[in-house]
Amino acid sequence: MGCGVSKSNQFHKHSRKAVTTIRAAVLIQRWYRQYVARTEMRRRYTWHIFQSIEYSGEQAQIKLYNFLGYLMDNFTPSSTERNLISHIFRENDVCWDVEWERYFCFKNIEVPEVYSGPHLTFPLTVEQTVGLLEAFRNKKQLHSRYVLEMLLETWKLLRMLPNINRISTCQSKEVTICGDLHGQLEDLLLIFYKNGMPSLEKPYVFNGDFVDRGKDSIEILLILFSFMLVYPCDVYLNRGNHEDHIINLRYGFTKEVLTKYKIHGKRILKLLQKIFSWLPLATVIDQKVLVLHGGISDSTDLYALAKVNRHNYVSALRPPKRRNNSSAGMSIDVDMDDVLWNTSRLSQRRASLTYPKPIGPRNCFHNRSLQEFSTRIKANMENELENSKRREVILAAALNRSQQDILSVSTDSVNSDNAKEEWRQILDLLWSDPMNRDGCIPNEVRGGGCYWGPDITEDFLNRHNMQLIIRSHECKQEGYEFCHNRKVLTLFSASNYYDVGSNRGAYVKLGPDLVPYVIQYQASSMTRELTAGQSVGRTERSALKVLREQLFAHKSDILCAFKKFDTTNTGLVSLNDWSSAVESVMHLNLPWRTLRCQLVTCKTSDGMINYCDWFNELAIKGPNTDHIDQSLLETLYRHRSTLETIFRIVDTENS
């Protein structure tokens with residue numbers, strides 16, 4: 001009897017311990033779930049900050065280029081201002097390849113005896129290519145003579161390649177596909193270490209955006225070109241949207257080449273512009289998998305893309321120019337959009353298309369999109385077509401031109417329409433992004449290409465009898481992402497793209513079964529030493545620093561938004577009003593209430609935010625800035641990247 005009571009007490013004692021243990025486990029689980037949720041939320045808004053600012057920069061560059069195009073169309077041909085920027089538009093001249101050959105002359109460049117970098121002889125061997133890779137790993141630089149010689153050999157090879165490469169797997173082969181590298185040599189070296197270097201048994205497809213942002217863009221190009229020269233049937237390069245001299249002006253590649261090759265840098269850049277235009281547009285694997293850089297649209301047609309003259313598109317941001325001969329025998333450059341106006345060039349000033357309404361006063365310019373200027377030039381193109389033809393006939397009669405010249409204008413207009421359609425196809429291919437909802441809409445976030453939905457993917461794959469699209473162009477936190485019912489795979493190979501720990505890189509291996517096998521990595525050794533929380537914290541601090549700079553750059557607009565809530569001019573707003581005002585200006589769709597703790601320290605005891613003190617916290621501290629008009633400082637800071645790009649365009653001597 002006594003033993004029974006003892007066992008009962010022992011049971012109740014163990015039961016109480018079990019209940020306590022379960023409660024503790026539930027509390028720990030609840031805390032851990034909250035911790036994971038908070039960490040994930042921090043990761044997401046950090047990512048959103050970086051990505052939004054990146055895309056706004058791309059949009060600003062496209063707007064700048066369109067605005068400069070507007071200036072080109074409206075300055076007189078002989079004006080000094082026009083000459084400052086005209087050279088970046090001459091790159092789109094359609095001219096004979098023999099005109100480029102003089103740029104490839106390298107034989108008069110001597111290699112000094114003190115040069116300790118790799119020496120190359122052509123045709124290249126595998127040993128030389130591996131030696132070149134090791135030299136770059138050890139921070140050595142290839143002499144400009146060898147750079148120019150390699151570019152010549154690369155150009156010769158690319159001219160023989162089709163617009164769309166077609167390759168096949170077999171029972172013994174896997175094709176490795178890499179996404180954006182963006183000048184990050186460490187990532188390329190890690191891929192080769194993990195997967196092996198390109199060879200007859202290990203073919204590679206590199207899917208564009210080899211350059212910009214990173215510090216080793218020229219080294220990556222030279223490595224890829226050398227492997228392609230050694231294994232022309234096993235290494236394939238697709239063009240990306242950053243293989244474009246206009247984009248390179250803003251994102252670092254132009255500056256990198258001119259810094260590393262001070263004497264022959266301009267010639268190297270000139271050749272690379274031409275080489276970029278000859279890069280194939282896409283690769284098809286086993287007739288079933290399409291690999292391209294950006295994406296597709298509702299009008300993408302591989303059969304049409306296979307026929308375009310891709311080398312005409314030195315920059316994909318603007319339709320190409322055509323070289324015509326005038327009646328005087330002079331060579332003149334004509335925009336495809338302006339071929340109907342050729343004879344007006346005989347007058348002192350080239351006629352421009354009529355505006356539907358005036359541009360407006362100068363003081364309204366800052367509220368207008370730069371893109372608006374160039375798009376409005378062509379607004380009345382269709383309405384003016386008949387009038388333009390009449391003017392052609394009258395002017396031709398007055399100048400005693402032959403009827404054959406008149407008829408050529410109509411032919412040219414048809415060619416212009418075809419060229420525009422070709423250009424749109426290439427622009428969509430290089431700049432587009434997928435979206436979750438059906439349809440196809442302009443990509444206003446980037447400023448070029450489109451957003452396309454699952455229905456467009458389904459229709460495209462059915463029309464071309466394919467099963468998968470592999471594209472790059474977008475940084476993903478895990479290095480890859482499936483969408484559209486796993487029929488579109490985004491692949492990004494530049495790890496730590498925004499900051500150390502911000503994202504993984506990835507590459508894909510495709511065997512004969514065409515099932516993608518993804519391998520992820522992070523190139524920086526620092527990320528392996530950080531915990532998940534430390535990694536998120538580091539990236540978050542970097543993103544918040546960038547966000548504070550953007551908030552300061554929009555100070556005037558945010559201040560106006562605050563004053564709509566602060567009607568009595570107290571200098572105070574509530575947390576809700578602060579969040580609403582900031583979002584109405586920034587349009588970043590961020591959790592501003594959550595971010596308030598990291599962004600705002602100046603608040604009153606009742607929770608109100610003193611926005612004047614907050615702006616003082618955001619102000620960029622620097623020596624002797626008190627005498628500078630703060631609105632001027634803000635405007636200059638907001639557009640500093642655009643200003644730097646303009647200076648680089650004007651500074652043709654790199655002085």
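Tabulated data
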item	result
Distance (nanometres) between label positions extended 7 Å along Cα→Cβ at residue 444 and residue 259	3.7
Check: region 159-276 dipole with +1 on Lys, Arg Cβ and -1 on Asp, Glu Cβ, in debye	560
Alpha-carbon Debye profile of region 149-266, log10 I(q)/I(0) at 0.16 Å⁻¹	-0.79
Estimated inter-spin distance, residue 576 and residue 653, nm [label 7 Å along Cα→Cβ]	6.3
Label-point separation in nm, residue 436 to residue 20, each point 7 Å along Cα→Cβ	4.6
Rounded D (µm²/s) - region 480-603, Kirkwood Rh over Cα pairs, Stokes-Einstein at 4 °C, 1.567 mPa s	72
DSSP-assigned coil residues among chymotrypsin sites (Phe, Trp or Tyr not before Pro) in region 206-263, each with at most 10 further Cβ atoms within 10 Å	none
Whole-Hz ³J(HN,Hα) from phi, Karplus 6.51 cos²θ - 1.76 cosθ + 1.60, for region 635-641, glycine and proline x	5, 4, 5, 4, 10, 4, 5
Assigned charges on the beta-carbon of Lys, Arg, Asp, Glu; region 107-162 dipole about Cα centre (debye)	200
D_trans [Stokes-Einstein, Kirkwood Rh over alpha-carbon pairs] for region 552-606, 37 °C, 0.692 mPa s, µm² s⁻¹	280
Stretch gain in nm, segment residue 44-residue 641, where the contour uses 0.36 nm per residue and the Cα spacing is subtracted	212.3 nm
Extended-chain gain in nm, criterion 0.36 nm per residue less alpha-carbon gap, residue 598 and residue 556	13.0 nm
Sequence-distant residues sharing a close amide H with residue 109 (under 5 Å, placed H)	none
Cα centroid separation - region 248-307 against region 449-486, whole Å	20
Dipole-positive endmost among 265, 227, 240 within region 219-270 (Cβ charges, Cα centre)	265
Electrostatic dipole magnitude of region 95-238 [Cβ: Lys, Arg +1; Asp, Glu -1; Cα centre; debye, to 20]	100
Cross-link pairs beyond the 22 Å C-alpha cut-off, checked among 107/139; 139/255; 156/260; 107/262	107/139; 156/260
At most 16 other Cβ within 10 Å, DSSP loop - GluC sites (Glu not before Pro), region 101-149	110, 113
Residue (of 126, 105, 168) at the positive-pole extreme of region 102-242, dipole from beta-carbon charges	105
Rounded to whole Hz, the Karplus (6.51, -1.76, 1.60) HN-Hα couplings of region 178-183, x for glycine and proline	10, x, 4, 10, 6, x
Whole-angstrom gap from region 186-232 to region 541-564, using each part's C-alpha centre	40
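No value in this document is a laboratory result; all are computed from the given coordinates. As the structure is a prediction and not an experimental result, all values here were calculated from the model. Glycine also receives a Cβ, built like all others from the backbone with ideal geometry; neighbour counts cover every protein chain displayed.
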